[in-house]
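Student: Before I ask anything, let me first share the structure, which is written out below as structure tokens.
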Amino acid sequence: MRPRSLFFRVIKVHRLKLFFNFACLLLPLLLITSLELPGAEAPAAPPSDLPKDAVAIPMKLFADRVFVTAKVNDDATAECLIDTGAEISLINKARVKLKNLQITGTEQLQGAFVGGVAMQKAILPSLQIGERVHKNIGIGVIDHREGQKLGQIDMLLGMDFLSRTRFTLDYEHERLILWAFRSPLPDAPKGYERERLPLHRSPGETLPHVDGVVNGKTRVNFLVDSGAGGPFFVAFQKLSEYGFDDSAAEAGRLRLNDGAKATELIIREVVFKRLEFGKVAVENLAGRVIDASVGVGPLAKSDLQAGNNVLGTPFLKQLAAVHFDMPGGCLYFDRKKPEAPGGASADTGKQK
């Protein structure tokens, strides 16, 4: 059986993260390895407007990624990357000193561009996020020091953990909200509108995928990935067929193996003139397109299409909030209602 992704797998197949796919481009998440992460200070959450059974945790945006502070095993603090595009969660024992870590086995992560990453499997007795405490959490353990691939990451919370709950990335108020399992999502605040988007994903998949329309032309299934930049789009025809400029500047190269054949694809810097998700639309947002219009076989095409159409934080933070109801099989996009017919101006990243 071939791996689910050309780019990244574990020897019991997991696709860890899209940032490994684009390692050759030095995307902002990889630049974190040479930057200092934000400290424990974070914006205070606004006065509570939430039900009593909801938990709000201050969140920080850094390099277009979302971080929250958590307590591990009651004796260590970690800055957690909230990553809805990762299937598995990781903790870096070189940065987070842990006691009573229960090692249950080992696995080998394998990235097409970053090579092998050794990982231990473990059980965390306790993980506290805000006021909510989670017991006996399965997690991957790495030992990456400064200068290594993930040497500046304390912890990554992926969808193996997040998909068990209902949660909100509240960009407007800079907070992560964890909802009680059976608690209904409150209505959109006055002056805001909400779009419900059903999840479209393969059976058994934990990652959030929704359908949208690119440049008024093409319906695309996007991965909603708070751990990514972008947006990213894979073009299997000329860029102009999708409403992009065929002469868009080259941003890098993507090297992959298409079966037994090595292939190199051009990544181009583009402007998404319009990204639509129901009645929610964002205009003139910078992103990148993988030009797969020539020389791509069926194996590469299948995997490129499945994992590389991505809505990352540069898109998501244009919204007031994104609600993830994984048990309910849907996402909700909240945004302020347009002030006048025709919406706001069409400046970069402006909503309509």
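The values are calculated or read from the model by the stated rules, or taken from the named source; none is laboratory data. The structure displayed is predicted, hence computed values, not measured ones. Cβ placement follows ideal geometry from the backbone for every residue including glycine, while neighbour counts extend to all protein chains displayed. In case anyone asks, the SASA skips ligands and DNA or RNA and just uses the protein heavy atoms, side chains included. Shrake-Rupley method; radii C 1.70, N 1.55, O 1.52, S 1.80 Å.
Student: Filter region 227-258 down to residues that are part of a loop (DSSP other than H, G, I, E, B) and more than 21 Å from the chain's Cα centre (by Cα), then give me how many there are.
Tutor: Within region 227-258, the subset part of a loop (DSSP other than H, G, I, E, B) is 227-231, 236-238, 243-249.
If we keep only those that are more than 21 Å from the chain's Cα centre (by Cα) as well, we get 236-238, 243-249.
So the count comes out to 10.
Student: Could you please let me know if Ile103 is touching a residue at least 40 places away in the same chain (Cβ under 8 Å) and of a type in the set (Val, Ile, Thr)?
Tutor: Working: touching a residue at least 40 places away in the same chain (Cβ under 8 Å): no; of a type in the set (Val, Ile, Thr): yes.
Criteria not met by Ile103.
Student: While we're here: Answer yes if at least one residue in region 213-226 is more than 22 Å from Met159 (Cβ to Cβ), open to solvent by 40 Å² or more (accessible area, probe 1.4 Å), of a type in the set (Gly, Ala, Ser) and part of a loop (DSSP other than H, G, I, E, B), and no otherwise.
Tutor: Looking for residues that are more than 22 Å from Met159 (Cβ to Cβ), open to solvent by 40 Å² or more (accessible area, probe 1.4 Å), of a type in the set (Gly, Ala, Ser) and part of a loop (DSSP other than H, G, I, E, B), one finds at least one in region 213-226, hence yes.
Student: So which residues in region 198-221 are under 30 Å from Leu127 (Cα atoms) and hydrophobic (A, V, I, L, M, F, W, C)?
Tutor: Leu199, Leu207, Val210
Student: Are there strands (runs of 3 or more DSSP E) fully within region 102-190 with at least 1 residues that are surrounded by 21 or more Cβ atoms within 10 Å (Cβ to Cβ), at pLDDT 90 or above and over 17 Å from the mean Cα position of the chain (by Cα)? List them.
Tutor: Once the strands (runs of 3 or more DSSP E) in region 102-190 are filtered for at least 1 residues that are surrounded by 21 or more Cβ atoms within 10 Å (Cβ to Cβ), at pLDDT 90 or above and over 17 Å from the mean Cα position of the chain (by Cα), what remains is 115-129, 132-142, 175-179.
Student: For region 70-101, give me the residue count where each residue is β-branched (Val, Ile, Thr) and open to solvent by 40 Å² or more (accessible area, probe 1.4 Å).
Tutor: Total satisfying the criteria: 1.
Student: Here is a check on your reading of the model: is Phe324 more than 21 Å from Ala63 (Cβ to Cβ), aromatic (Phe, Trp, Tyr) and open to solvent by 10 Å² or more (accessible area, probe 1.4 Å)?
Tutor: Answer is no for this residue.
Student: With respect to Val310, determine if the residue is closer than 21 Å to Asp83 by Cα and touching a residue at least 40 places away in the same chain (Cβ under 8 Å).
Tutor: Criteria met by Val310.
Student: Mind counting the residues in region 70-96 that are touching a helix residue (DSSP H, G or I) at 6+ places or on another chain (Cβ under 7 Å), of a type in the set (A, V, I, L, M, F, W, C) and at pLDDT 90 or above?
Tutor: We begin by selecting, within region 70-96, every residue touching a helix residue (DSSP H, G or I) at 6+ places or on another chain (Cβ under 7 Å); these are 84-89.
Applying the additional criterion that residues be of a type in the set (A, V, I, L, M, F, W, C) yields 86, 88.
Filter again for at pLDDT 90 or above, leaving none.
Residues meeting the conditions: 0.
Student: I'm trying to understand the selection: among the residues of region 272-291, which are crowded, with 21+ Cβ neighbours inside 10 Å, over 26 Å from Pro198 (Cβ atoms) and more than 19 Å from the chain's Cα centre (by Cα)?
Tutor: Asp291
Student: Here are the criteria: (1) part of a loop (DSSP other than H, G, I, E, B); (2) in contact (Cβ under 8 Å) with a residue 12 or more places away in the chain; (3) open to solvent by 20 Å² or more (accessible area, probe 1.4 Å). Tell me which single one Arg201 does not satisfy.
Tutor: (2)
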